[in-house]
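Okay, structure first, notes after.
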Amino acid sequence: MTTKLFGEPIPRREDPRLVTGRGRFLDDLGGRALAAAFVRSPHAHARVVDIDVAGALDVEGLVAVYTWDDLGGRVGEPLPLLIPHPALTHGRTGYPLARDVVRHVGEPVAMVVATDRYLAEDAADRILVGYEPLPPVVGIEAAAAADHLVHEDVPGNAGARLVQEVPGPDGLSAPAAIERAPHRLEFRLAIERSASMPLEGRGVYARWDADDESLRVYSSTQTSTSVRMAIAAKLDLPPAKVEVIAPDVGGGFGVKIVHPWPEEILVPWAARLLGREVKWTEDRREHFTSSAHERGQVHFVRVGFDDEGRILGLDVRFLHDHGAYTPYGIIVPIITSTQLLGPYKVGAYRVEFTSLYTNTVQVTPYRGAGRPQGVFCMERTMDRVAVHLGRDRTLVRAANLIQPGDFPYDQGLTFQDGRPLIYDSGDYPELLRMVKELIGWDDFGKAQTEAAVRGRRLGLGLACYVEGTGVGPYEGGHVEVDSSGRVHVSTGLTSQGQGHQTVFAQIAAAELGVPIEDIRVTTGDTRRFRYAVGTFASRAAVLSGNAIALACRALRDKALRIAADALEADPRDLEIEDGIVRIRGNPAASIPLRTVAVLSNPLRYAFDEEAARATQFAVGGSTDQPPVAEGEQPGLEGTQYYSPVRSTFAAGAHAAIVETDPDTAEVRVLRYAVVHDCGRLINPRIVEGQIHGGVAQGIGGALYERLIYDEHGQLLNASFMDFLMPYATEIPAIETAHLETPSPLNPLGVKGAGEAGVIPVSAVIAAAIEDAEGIRIEEMPISPDDLFRLRERARRAAGESSGAEAGEARPV
Amino acid sequence: MKPPPFAYRAPRTLDEALAALAEYGADAKVLAGGQSLIPLLNMRLAAPAVIVDINRIGALDTVFVDATGVRIGALARQRRVERATDAARVQPLIGQALRHIAHPVIRVRGTVVGSLAHADPAAELPVVLAVLGGSVEVASAAGGRRAIPAAEFFAGALEPALRPGELAVGAFFPALGPRAGTAFAETARRHGDYGLAGVAAVVALDDDLRVAAARIGCLGVAATPFVLDLTDVLGHRPPDSCDWSAAAEHAKRAVRPEADIHAGGDYRRHLIGVLTERTLRAAAAAARDGVIDD
Ligand SMILES: Cc1cc2nc3c(=O)[nH]c(=O)nc-3n(C[C@H](O)[C@H](O)[C@H](O)COP(=O)(O)OP(=O)(O)OC[C@H]3O[C@@H](n4cnc5c(N)ncnc54)[C@H](O)[C@@H]3O)c2cc1C
C-alpha cells in the first residue's frame, strides 16, 4: 500500500449530496412516466375465480389493466428459483400475477397502468376479484402439523429438509456424545419474524426505445446486473439491448437482493407493450405484504457438556418458516445451521432443519440472514450451561473457543456457497477479553448489587459470533484514467448507503497514488460494468474492494511502463504520488498521470491540446514498432476480477447492560459495547457506522419489531404506526473497539463488516434481561407486555414450588 | 397509498368554513394539522367527498389565558401551546401531556383541537380535557355556538359528538384551583408513541394540606377517556400518610382494558395501577410545593 488513505477514517464522500437532498432515488426519476399500481390479494389463501375489470374502465386516465391471462411467453411463467439446492426438494415460486391460487395477502393479482398513481389506485380499487377462500396455514406449528397445505403438491408443507453432521474427535455422533456427557440440557428457543424494512421501498422505472429496440430500466435493487439478465431472459431480449441502473437506493438490507420481483418483469414488459415509460414505486403497505420477511424460526436444542462447560455434543433441530414461496432457496436456514457454531469448537454437532411453507409473505435474507437465530441458539446455550454449572458465563465461553493457533479452522460443514466452512483467521479469546474490558464485566456485579439496593434492576449480557463474509463467486473492478487526470472507478455491484463511494475511492487512491478528489466511483450501472453478482452477505469490500485494488495495480503497472518510455527510465525506478509519475530520488523527472493517459492512446485526430500530444507527428519513439505495442490495449484503463476460493470470516463480541423497570417491565439499554474484527479496516468510521446501524436494527429486532399475523393470515401491523422500528431515542450510544486480524485469503486482507452489528443483539439483550430479572428468556423479541407475563408466570411458579425453579434460572 | 378523489375547499373565514360544512354536511371532513386525517386518506380508510381545509383561517389560531382557564382556538398548533408559559401557569397539565404526543415535527403541525376532534382512545389530550372537566366549543352555520362538556364530547372511539356541519372552533381547559397539582405519565412502546396506558392526575389540598380532591383520567383503557374520582379512597389525609397504593389498586380494579397487538389487557391494567400511584404522588407533591412556593 502506498499512501495513507487506506485505513483512514475520512468522512463519507457521498453524504454532502445525500444529506442536502440531492440524492436521486427511484421515485425522483421518470416524472412523466405512466404509473403502475397493483390489485393484491386480500386473502392469505384462495382460489381466484374471476376478475371483473369493468368498473375500472371508466376511470379517466386508465391506460391498461393486465391479469395473468394477458402475460404469455416467459413472462407468464413462474418466477425463477434463484438458488436451487438438492435439499430443496419442493421449491416453489409465484407467478408475476396470480394464476389461479393466491398464497399470501399481498400477492399481485392484476396490474393497472394509468396516467398517475392516484388514478391507478382508483382503478385498482374498482377491479372486482372473486375469490374462493382456502384454509390458510399460519405459523410454524400449524405448518408442521400440516392439517392444511400451502401448495397442494407439497406434502407436510415441507419445502426442504437438510441434515449436517460432524462427529466429535472421538468419532461419536452428536446424540451419542450428548448421551455420554456428564451434563445434559434440552430446551426450545424461538425468534419471530421481522423484515429488512428499508426506508425506500422497491421501485422500477422502465423506458423502451422502439427505434433502438432497447430497454433501460432503473430499479431500486441490490443487483442490477442480475436484474438485467433476468429481464432479458423473461422478455426475450438480447442482453446487449437491456441496461439496468440502480440509482441511489434508500436501503436494502437484503430484501432487494431478491429478483426479479414480479414488478421488475411486469413494468418493463408493459413499457415495451405500450411504447410508453412506466414506473412503479412501492408504497409502505405493499412493502409489508408483498416483498419479503425474515427471522421466524423455532429451535430445539440438546446439549451435552463437561464440568468446565466444554460442549461435547450439540444437536439442534429447527423449523424455518419460509412463507409462501422459496425464490431465494434455503440460504437463510443453511446459514443458521452452519454459522450457529460461532467461535466455538463443540465436539460433535448435528443440525437438522425443515423449511416449511405458510400462507404468509415469503422469507428471504435480511441483514444477518439466519445468523441472528443461530447465534441466539449458541449463546443462549452457553448461558444455560453456565447457569447449570454455576460458572461465570465468560469462562464457559472461553473453555470452548477456537484458539489463535487453530487457523485455518475447519468446522466440517458445508457453507452457503457450497464450500467447506473453514475459518481463515481470527483471535477469539482476545475479542472476549476486549469486550469484557470495554463493558467492565468483572466489576458489574458490584454495580448491579448497588443498583438493587436503590430498587433498580440492571442486567449484563454478552454474545460472540463469527460471520462468513465476502462470499463468491466474484466481482470485478474497472479503472480508467482520462486525459484530464480524473480516475473513473466502477464495479458492478450496487450501493445502498454503505459508503462505497468512499471506500472504493480510498482503495483506488492508495493503490494508484492519486488524490482522492480525482476519483469518481460508479456502482450498479450495467452500462459501465456488466458482470457482477450483487451487494449482500457483507461482500462488497472483500469482492469489489479487492477487484478494484487488482485493477488499480494492473493499471499502475501499465502507467509505469508508458511513463518509463517517456522518461527513458526503468519502470522499477518510478513511483506515483499525487497523480504524478516520477523517478524515485529525482523529482525533476516526472510526468503527470493525465499525460500518461494521453500517451496510452495513440491518436490520429486531435481535438484539444492534450490530445494533440498523442497524435502521430507529436509522439516520438520508434517508427518500426506498432503504435500500440503487442499485448497492450489503447487507453489507461483496465478490468480485473476477484474470485475468492472461500468466504472470509469476520467475528466479534457484543455486551450490553440493560435496566428493566420493576413496575412497568419496560427495558432500557443503558450501554452497548461492540468489539469487532473485520480484518484490515479500510475506513474505521464507515465500519463503525455499519456497526451502529446494525446494532440499532438488532435492538429493533430484540425489543420492538415483530410481524403479527392473525389466524387468517392477515398481517395486523402493516404500517410504521404498528410495526415498531426503534427511533434514535431507543438506541444508546454504542461503544466500539476494533481488532484487526487480516484475512490471508485476499490481497487487501479485509473481511466484511456490513451485517456484524445486527447478528448477536437478540442474544445479548436476552441474556441481559435474564440477568436483570432472573427469568429465563427463550423467545425474542420481548416486549414489556411479554416481560410482564413472564414475571407473572415466574411469580405463580415460585408460589407453587417455593421459588426453586425461578432461582435456578438466574445466571451467576 | 394515495387518497381517493375529493373536492377541496380552503375557506379564509370562519363563516365561509361553516357555510361549506353546511353545504356538504356529512360528506365533508375538516382538515386541520392533517397528522391523523392525511394518513387515513392515504390508506383509503377515509374517503370524504369534500375536504374543508381550515388552515387559512388565521382567526382560529388563538390561545387565550385568563384566571378561569386556557381557551385554545382550532388552529393553535400543539407545539405553540406546549411552549405557552402563561398557559402552563394556569393549567400545567396541558403541557405535561403535550410532551408525550409524537415528536416536535408532528406537534408543529398537529392542533390541540384536532386531537380532541379525532377522539382517539389512546390520545393524551382527550384525557386531559376529561379529567379537568373542560369542554369543546362548536359552531355551525345554522345552530350558532354551543359548548359540549368533555364527558359528552367523547362519544366513542374516534367518535366526537359533532353533528354534520359542525366545526370545533375551540376548547376550554379550566384553570387549576388553589393548592392543586397535576401530573401526567404514560407507558409507550417507543418515545412519542401513543401510550399503551396513561394517567393524568389532579390532586387538590385543603387549607390543612390534606387531600381535598383527587381525580385521574386514563388513556388506553376504554373507548373514551376514563375518569375516576379517588378522593374518598384516599380519605382526606395529608399526602404523607395517604395510601397511594390502595388508590392505585382501586383504579386498577375499575378499568377493563382490552388487548391489542401491542399489549394485553392485564398488562394495561397493571400499568394503570403503576401510573396512578406515580401520578397521584407527583400531583400531590406539586400541590404542596405550589403552596410552599406561594
Ligand atoms: C407519527 C405520529 C405520531 C403521533 N403520535 C400521537 C400521540 O402519541 N398522541 C396523540 O394524541 N396523537 C398523536 N398523533 C396525532 C396528532 O396528535 C394529530 O395531530 C392529532 O391527532 C390530530 O390533529 P390534527 O390537527 O393533525 O388533525 P387532522 O389530522 O387534520 O384531523 C383529525 C380529525 O379531526 C377532525 N378535525 C380536526 N379539526 C377539527 C375541527 N376543528 N372541527 C371538527 N373536526 C376537526 C378531522 O376532520 C379529522 O377527522 C400522532 C401523529 C403522527 C403522524
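The values are calculated or read from the model by the stated rules, or taken from the named source; none is laboratory data. None of the values given here were measured: they were computed from a predicted structure. Positions of Cβ are backbone-derived with ideal geometry, glycine not excepted, and every protein chain shown enters the neighbour counts. These area figures cover heavy atoms from the full protein model, side chains too; ligands, DNA and RNA do not enter into them. Shrake-Rupley method; radii C 1.70, N 1.55, O 1.52, S 1.80 Å.
Calculated [222 nm] ellipticity per residue, helices only, for chain A: -8500 deg cm²/dmol; basis is -39500 (n - 2.57) per DSSP H run with n ≥ 4, divided by all residues, nearest 500. Short-range pairs are left out: with C-alpha atoms under 8 Å and at least six residues apart, the relative contact order of segment B:7-53 is 57 percent. Taking amide H as placed 1.01 Å from N in the peptide plane, the amide H of A:V521 sits under 5 Å from that of A:V489, each at least 5 places away or on another chain.
Shape class of segment B:7-53 from the alpha-carbon gyration tensor: oblate, with a/c at 1.5 or above and b/c at least as large as a/b. According to the calculation over all Cα-Cα pairs in the protein assembly as shown, the P(r) per 10 Å bin from zero is 2, 9, 16, 19, 19, 16, 11, 5, 2, 1, 0, 0 %. Counting heavy atoms of the protein chains alone, A:K446 has an accessible area of about 150 Å² for a 1.4 Å probe.
Using the Cβ-Cβ distance between B:A151 and A:E800 with R0 set to 56 Å, the FRET efficiency from 1/(1 + (r/R0)^6) comes to roughly 0.80. For segment A:616-698, the set of GluC sites (Glu not before Pro) satisfying both a DSSP loop assignment and a count of at most 14 other C-beta atoms within 10 Å is given as A:E630, A:E632. Given a 1.4 Å probe and the protein chains as shown, A:L716 ends up with an accessible area of around 80 Å². Since only A:A240, A:G23, A:V471 are under comparison, the one whose Cα sits farthest along the positive direction of the charge dipole of the protein assembly as shown, derived from C-beta charges on Lys, Arg, Asp and Glu, is A:G23. Under the simplified labelling scheme, the B:R163-A:A54 pair shows an inter-label distance of 4.2 nm, with each label point 7 Å from Cα along Cα→Cβ.
Computed over all pairs of different Cα atoms, the Kirkwood value for the hydrodynamic radius of segment A:472-642 is 16.6 Å. If the cut-off is 28 Å between C-alpha atoms, which lysines fall inside it for A:K751, apart from same-chain ones fewer than 8 positions away? Within reach: A:K4, A:K256, A:K345, A:K436. Each of A:E475, A:E450 has its accessible area taken with a 1.4 Å probe; listed largest first, they run A:E450, A:E475. Using a cutoff of 8 angstrom between alpha carbon atoms and counting only pairs six or more residues apart, the relative contact order for segment B:59-174 works out to 28 percent. Accessible surface of A:W261, taken over heavy atoms with a 1.4 Å probe and every protein chain present, rounds to 10 Å². Here is the list for segment A:514-590: GluC sites (Glu not before Pro) lying in DSSP coil, each with at most 13 other C-beta atoms within 10 angstrom of its C-beta, are A:E568.
Using Cα-only point scatterers and the Debye equation, what is log10 of I(q)/I(0) for segment B:148-190 at each q in 0.25, 0.33, 0.34 Å⁻¹, rounded to two decimals? The Cα Debye sum returns log10 ratios of -0.98, -1.19, -1.22. Taking 4 °C and 1.567 mPa s as conditions, segment A:619-730 diffuses translationally at an estimated 64 µm²/s according to Stokes-Einstein applied to its Kirkwood radius (Cα pairs). Global size of segment B:59-174: 13.0, 38 Å for Rg and Dmax (C-alpha atoms, Rg to one decimal, Dmax whole).
Using only side-chain charges placed at the Cβ, +1 for Lys and Arg and -1 for Asp and Glu, the dipole size of segment A:472-642 relative to its Cα centre rounds to 520 debye. The dipole here belongs to segment B:59-174: it is taken about the Cα centre, uses +1 on the Cβ of Lys and Arg and -1 on the Cβ of Asp and Glu, and is about 320 debye.
Accessible-area rank, largest first, for A:H320, B:H250: B:H250, A:H320, with all protein chains present and a 1.4 angstrom probe. With a cut-off of 19 Å, note down the residues of segment A:17-56 whose backbone N falls inside the zone around a label point 7 Å from the Cα of A:E711 toward its beta carbon. Under cut-off, by backbone N: A:43-46.
Our helix-only sum for chain B, with -39,500 (n - 2.57) per DSSP H run of n ≥ 4 divided by its residues, gives a mean residue ellipticity at 222 nm of -10000 deg cm²/dmol.
Which one, A:P167, B:A119, A:G638, is farthest towards the positive end of the dipole of the protein assembly as shown when Lys and Arg carry +1 and Asp and Glu -1 on their Cβ? After comparing all options, I get B:A119.
Computed over Cα pairs, the Kirkwood radius of segment A:310-461 leads via Stokes-Einstein (1.306 mPa s, 10 °C) to a diffusion coefficient of 90 µm² per second. By definition, a body whose alpha carbon gyration tensor gives a ≥ b ≥ c is prolate when a/c is 1.5 or more and a/b is larger than b/c, and chain B fits this prolate description. Residue-wise HN-Hα couplings along segment A:457-470, as the Karplus relation 6.51 cos²θ - 1.76 cosθ + 1.60 with θ = phi - 60° gives them from phi, are 10, 10, x, 10, x, 8, 8, 10, 7, 10, 10, x, 10, x Hz; Gly and Pro carry x. To the nearest 0.05, how large is the calculated FRET efficiency for B:A7 and A:H148 if R₀ is 60 Å and r is the Cβ-Cβ distance? According to the calculation, E is roughly 0.80. Peptide A:256-262 is shielded by partner chain Cβ atoms: per residue, an average of 0 of them sit within 10 Å of its Cβ.
Across segment A:221-235, coupling constants 3J(HN,Hα) worked out from phi with the 6.51/-1.76/1.60 Karplus curve, θ = phi - 60°, read 10, 9, 8, 6, 5, 6, 4, 4, 5, 5, 5, 4, 5, 5, 8 Hz, and Gly and Pro carry x.
Amide H contacts under 5 Å for A:A737: A:V674, A:V675, A:H676, restricted to partners 5 or more places along the chain or on a different chain, H placed in the peptide plane at 1.01 Å from N. The relative contact order of segment A:317-433, computed from alpha carbon pairs under 8 Å that lie at least 6 residues apart in sequence, is 28 percent. If you take the charge dipole of chain B about its Cα centre, with +1 on Lys and Arg Cβ and -1 on Asp and Glu Cβ, which of B:L75, B:P48, B:A168 is farthest toward its positive end? Of B:L75, B:P48, B:A168, it is B:P48. Residues in segment A:311-327 carry Karplus couplings, in order, of 7, 9, x, 9, 10, 10, 10, 9, 10, 10, 8, 9, x, 7, 9, 10, x Hz; the curve used is 6.51 cos²θ - 1.76 cosθ + 1.60 with θ = phi - 60°, and Gly or Pro positions show x.
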